[in-house]
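Enquirer: If you scroll down you'll find the structure; I have some questions about it.
The values are calculated or read from the model by the stated rules, or taken from the named source; none is laboratory data. Computed from a prediction, not measured in an experiment: that's the story for all the values here. A quick note on method: Cβ atoms are made from the backbone with ideal geometry, for glycine too, and the neighbour counts reach across all protein chains shown. SASA here: full protein model, heavy atoms, side chains in, ligands and nucleic acids out. Shrake-Rupley method; radii C 1.70, N 1.55, O 1.52, S 1.80 Å.
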Amino acid sequence: MAAVMGIGRFVYTPILPVMLQDGLLSEVNAGFVASSNYLGYLIGALLAARAPLPGGPYKFFISALIMSTMATFLMVFGLGVYWYVLIRFVAGLASAYAFVLVANVVMQRLAEQRSLHLFPIHFTGVGVGIAGSSLLIEILGSDAMSSTQLWVASGIFSLALSLCVPFLLSPRKEVLSQPSHSSISSKQSVGSLNLSAWRLIFAYGCFGFGYVITATFLGALATLTPELAPMKSLSWLLVGLAIMPSVFFWEKLAVRIGYGRAIAVACVLEAIGVALSVLVPTIAGLSAASILLGGTFVGITSIGLIEARRIASSDPRQIVGLMTAAFGLGQMFGPSFAGYLYELNGNFLLASLVAAGALILAALLTIKRFTPA
């Protein structure tokens with residue numbers, strides 16, 4: 001998760017301000033490039049949810065991990081906007097495949113050991129990757145390195161993490177021999193999901209749109225105000241540091257008040273953070289926004305997937321994939337929407353407030369208890 005999500009998916013955020021300074025992208029093109037990543041994420045999630053997996057999910061997960069690392073290295077070649085669009089699309093495709101498949105592998109193994117409550121530990125990897133890559137970029141960026149050099153450093157970091165994965169999550173005979181099981185799940189009717197499941201899926205889409213504008217342009221927000229320059233990469237470091245303890249907090253709260261209500265509370269807090277990022281353009285305001293973003297978005301993802309497994313009628317790969325796809329659809333529109341509004345208004349105010357509204361809608365959709373199929 002640190003390699004494929006913390007770096008493969010999200011390292012674009014702290015490197016983006018440097019790419020803007022280097023003249024490699026404009027704000028509009030930056031949104032377009034980010035949206036291509038989320039389009040790849042959407043397609044990858046749909047394929048991971050429905051397509052048969054000959055050889056089992058573990059083999060495909062490792063392939064996606066390798067592809068994600070290669071895509072990070074390929075961002076080194078500044079061959080224009082369309083090149084960045086293509087490579088970020090591939091990175092999104094790889095990250096979605098890896099996310100859906102490894103989440104199911106880990107959930108299955110924990111469920112077999114009656115230790116599903118440990119699943120949030122899996123998501124701390126996102127925080128490790130975000131915080132680690134932010135520190136790396138903060139240290140290297142202080143030496144006025146170009147965005148190309150920062151992509152090289154990020155690729156090396158991703159490669160180092162990826163080499164650890166086979167030792168930490170080894171293949172297993174029953175996991176590798178699942179082609180028939182995967183084929184069965186791929187033939188299941190989407191109609192087997194009940195209205196409660198579709199409500200969770202739609203809420204996940206609103207959540208994807210709601211968080212992504214701030215998550216994509218957080219570093220760029222800091223560059224718009226001279227006093228906020230120190231927050232250019234430090235804000236993303238705060239996001240990563242907030243993620244790690246948050247996944248445990250939201251799991252405990254979900255057990256106490258219910259998973260749907262916990263998701264609703266987290267969405268409201270995240271909406272406040274998104275609004276703060278543009279309404280309070282100070283170091284304190286951006287710091288609070290960063291902590292609220294990091295302290296909620298991975299927690300929502302984690303407890304959302306656990307709730308999805310609970311309400312799934314059979315193999316959870318279908319609902320996990322559809323939730324990830326809805327999330328990806330919301331993400332896909334967010335950065336382009338924000339980029340065009342920035343071109344019109346010269347700021348991210350309106351886009352961020354619309355995003356906060358989407359998070360409030362997600363909270364309203366999840367506050368009512370979900371029922372199993």
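Enquirer: When GLY56 is evaluated against the numbered criteria (1) on the phi < 0 side of the Ramachandran plot; (2) open to solvent by less than 10 Å² (accessible area, probe 1.4 Å), which criterion, by number, is the only one it fails?
Expert: Condition not satisfied by GLY56: (1).
Enquirer: Can you name the helices (runs of 4 or more DSSP H) wholly within the stretch 268-373 that have at least 2 residues being open to solvent by 60 Å² or more (accessible area, probe 1.4 Å), of a type in the set (Ser, Thr, Tyr) and in contact (Cβ under 8 Å) with a residue 24 or more places away in the chain?
Expert: Helices (runs of 4 or more DSSP H) meeting the threshold: none at all.
Enquirer: Would you confirm, using the coordinates I've provided, whether SER63 is part of a helix (DSSP H, G or I) and buried (at least 21 other Cβ atoms within 10 Å of the Cβ)? Please lay out each step first, then the result.
Expert: Details: part of a helix (DSSP H, G or I): yes; buried (at least 21 other Cβ atoms within 10 Å of the Cβ): no.
Judged against the criteria, SER63 is not a match.
Enquirer: Right, here's the next one. So, in the stretch 16-32, of the ones that are of a type outside the set (S, T, N, Q) and farther than 11 Å from ALA220 by Cβ, which residue ends up least open to solvent (accessible area, probe 1.4 Å)?
Expert: The selected residue is VAL28.
Enquirer: Condition check: touching a Leu at 6+ places or on another chain (Cβ under 7 Å), open to solvent by less than 20 Å² (accessible area, probe 1.4 Å) and touching a residue at least 12 places away in the same chain (Cβ under 8 Å). Does ALA2 satisfy that? I'd like the intermediate steps shown before the answer.
Expert: Working: touching a Leu at 6+ places or on another chain (Cβ under 7 Å): yes; open to solvent by less than 20 Å² (accessible area, probe 1.4 Å): yes; touching a residue at least 12 places away in the same chain (Cβ under 8 Å): yes.
The answer is yes for ALA2.
Enquirer: Restricted to the stretch 77-92, and to residues that are open to solvent by less than 40 Å² (accessible area, probe 1.4 Å) and under 22 Å from the mean Cα position of the chain (by Cα), which residue is nearest to ALA325 (Cα to Cα)?
Expert: Taking the candidates together, the pick is GLY92.
Enquirer: Does LEU253 count as in a helix (DSSP H, G or I) and touching a residue at least 60 places away in the same chain (Cβ under 8 Å)?
Expert: Taking the combined requirement at face value, the residue does not satisfy it.
Enquirer: Test of understanding: among VAL33, VAL4, which residue is over 11 Å from the mean Cα position of the chain (by Cα), hydrophobic (A, V, I, L, M, F, W, C) and modelled with pLDDT of 85 or more?
Expert: From the options VAL33, VAL4, the qualifying one is VAL33.
Listed here are the residues, each with its yes/no results for (1) at pLDDT 85 or above; (2) assigned to a helix (DSSP H, G or I); (3) surrounded by fewer than 22 Cβ atoms within 10 Å (Cβ to Cβ).
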| site | (1), (2), (3) |
| --- | --- |
| VAL100 | no, yes, no |
| ARG109 | no, yes, yes |
| PHE119 | no, yes, yes |
| GLY127 | yes, yes, no |
| ALA131 | yes, yes, no |
| ALA144 | no, no, yes |
| ILE156 | yes, yes, yes |
| SER162 | yes, yes, yes |
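Enquirer: Next question, about the same structure. Would you check which residues across the stretch 269-328 are modelled with pLDDT under 85, of a type in the set (A, V, I, L, M, F, W, C) and under 18 Å from PHE123 (Cα atoms) and list them?
Expert: LEU305, ILE306, ALA308, VAL320, MET323, PHE327
Enquirer: Taking only the stretch 205-245 into account, find how many residues are among the hydroxyl-bearing types (Ser, Thr, Tyr), open to solvent by less than 10 Å² (accessible area, probe 1.4 Å) and out of contact with any Asp or Glu (no Cβ under 8 Å at 6 or more places or on another chain).
Expert: Counting residues in the stretch 205-245 that are among the hydroxyl-bearing types (Ser, Thr, Tyr), open to solvent by less than 10 Å² (accessible area, probe 1.4 Å) and out of contact with any Asp or Glu (no Cβ under 8 Å at 6 or more places or on another chain) gives 3.
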